[in-house]
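Just so you know, all these numbers are worked out from the coordinates, no wet-lab data involved. This one's a predicted model, so the numbers in the text were calculated from it and none came from an experiment. Cβ: placed from backbone, ideal geometry, glycine included. Neighbour counts: every protein chain shown.
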Amino acid sequence: MDIIQSIKEDILNNHLPRGIPLRQAYLSTRYGVSRIPIRDALQALKSEGWLVLHGKAGVMIPDLNWQEAEDLYLMRAELECLLFEMAFECIHDKDVAKARLFLLELDQEYVSLVSRGELNWCFHSALYMPANRPTLLRVVEGLNKQAVRYLGFQFGPLGYQAKSQDQHEELIALIEARDKNAALILLRQHIEKAGVLLTGYLKKLASG
């Protein structure tokens, strides 16, 4: 596991402190590497929204909040449905087969939270790539990378993992049946229902 992956896992599992600066010296000792790969990892994590600036040069792990979660799912719902609609007529058997391989990986119990987020994106991107819209795909990928920060809730207390997989399978079936309208409706529901559930849960935590 590389340094970026390791830091993400520790963030999701609450093994690193939130709201205070992350010191390169501490992280270098924790992960057994020099400060150069730590510095590069922190820069990458900042660009993905996993870390935010603290002070003049430091970074810290931001708190998770319902407004960010809501913004992410609202943007994903609009942009992913647009991308999927562009791609639909160009999705071939090889694309579906690739997507199915990622679903099989997602079913494995040993898969970590971060890897689940990455595999989830790989599944969706296999269906979006036939659109051949790299700029739009890059933006959607960035939103998905930020959304992984919330998987600890969705696959933990919200227990949404099995439901998500069922919807993935249903989406594949609709693609194979060439039912574009139903597939687009399902994709929007897939993103929005999980987002509404997560946002509601985070609101309760904030008010409690």
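Odds and ends about this structure:
- Rounded to the nearest 500, the helix-only mean residue ellipticity at 222 nm of the chain stands at -22500 deg cm²/dmol, with each DSSP H run of n ≥ 4 adding -39,500 (n - 2.57).
- Coupling constants for the range 93-106 follow from the phi torsions by the Karplus curve (6.51 cos²θ - 1.76 cosθ + 1.60, θ = phi - 60°), and in residue order they are 4, 5, 5, 5, 4, 5, 4, 5, 4, 5, 5, 4, 5, 5 Hz; glycine and proline get x.
- Across the options His54, Tyr31, Leu42, the greatest Cα extent toward the positive end of the charge dipole of the range 3-60 (unit charges at beta carbon of Lys, Arg, Asp, Glu) belongs to His54.
- With Cα atoms, 0 to 90° folded angle of helix 180-207 axis to the chain main axis: 30 degrees
- In the structure shown, the pairs Lys98/Lys180; Lys8/Lys94; Lys8/Lys180 are assessed against 26 Å; a Cα-Cα span above that value is assigned to Lys8/Lys94; Lys8/Lys180.
- Theoretical FRET efficiency, 1/(1+(r/R0)^6), r = Cβ-Cβ of Glu105 and Gln43, R0 22 Å, to 0.05: 0.15
- The long axis of helix 161-176 is offset from the longest Cα principal axis of the chain by roughly 40 degrees.
- Whole-Hz couplings from phi, Karplus 6.51/-1.76/1.60, listed for the range 15-30; x for Gly and Pro: 9, 10, x, 8, x, 10, x, 8, 8, 4, 5, 4, 5, 4, 5, 4
- Lys, Arg +1 and Asp, Glu -1 on Cβ, resulting dipole of the range 3-60 about Cα centre, debye, nearest 20: 220 debye
- C-alpha long axis of helix 134-147 to longest principal axis of the chain, angle in °: 60 degrees
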